[in-house]
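Working notes, beginning with the structure itself.
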Amino acid sequence: MKKIIFSLVVFLVPSLTLAQTPAIKGDPAAGKLKAVAICSGCHGIVGTQTAYPEVYKVPKIGGQNADYLVSALKAYRSGDRYNQTMRGLASALKESELVDIAAYYAQK
């Protein structure tokens, strides 16, 4: 019986905590203003490739989950995810701007 209770606590408590985490809410209209100025030069054109610092295809981010986009931007900012251009851009954004930009791209 103790093993069953322990198993329930180990497996159910973390999932209950995750279920209660609210989704990130941003202002898509404010995000659009920032995205047009900062992001759309690369992410606004399907099939865009960069040439510096290396050649790679720029991913389409319209329609992505807002939580994922915020997480990715924070990872670029912290250096956990690396791209020289994205790190510089993400580092210049306030927390609210990250959330607004993510809300904008999530609704596209």
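From the set of residues in segment 53-70 that are part of a loop (DSSP other than H, G, I, E, B) and free of Cβ contacts under 8 Å to residues at least 12 places away in the same chain, which is farthest from Asn83 (Cα to Cα)? Among those residues, the one meeting the criterion is Val55. At pLDDT 95 or above, in a helix (DSSP H, G or I) and touching a Pro at 6+ places or on another chain (Cβ under 7 Å), is that true of Ala103? Here the answer is yes, as Ala103 does meet what is asked. Reported count of residues in segment 75-100, each being among the aromatic types (Phe, Trp, Tyr), within 15 Å of His43 (Cβ to Cβ) and part of a loop (DSSP other than H, G, I, E, B), is 0.
Sub-7 Å Cβ pairs linking a first residue in segment 35-48 that is farther than 16 Å from Leu73 by Cα to a second residue that is open to solvent by less than 50 Å² (accessible area, probe 1.4 Å), at least 6 apart or interchain, are Thr48/Val58, ordered by first then second residue. Can you tell me which residue is surrounded by the fewest Cβ atoms within 10 Å (Cβ to Cβ) among those in segment 41-52 that are among the hydroxyl-bearing types (Ser, Thr, Tyr) and within 14 Å of Met86 (Cα to Cα)? It comes out as Tyr52.
The values are calculated or read from the model by the stated rules, or taken from the named source; none is laboratory data. Keep in mind that this is a model prediction, so the values were computed, not measured. Ideal geometry is used to build each Cβ from the backbone, glycine not excepted, and the neighbour counts take in all protein chains shown. All accessible areas refer to the heavy atoms of the entire protein, side chains included, with ligands and DNA or RNA removed. Shrake-Rupley method; radii C 1.70, N 1.55, O 1.52, S 1.80 Å.
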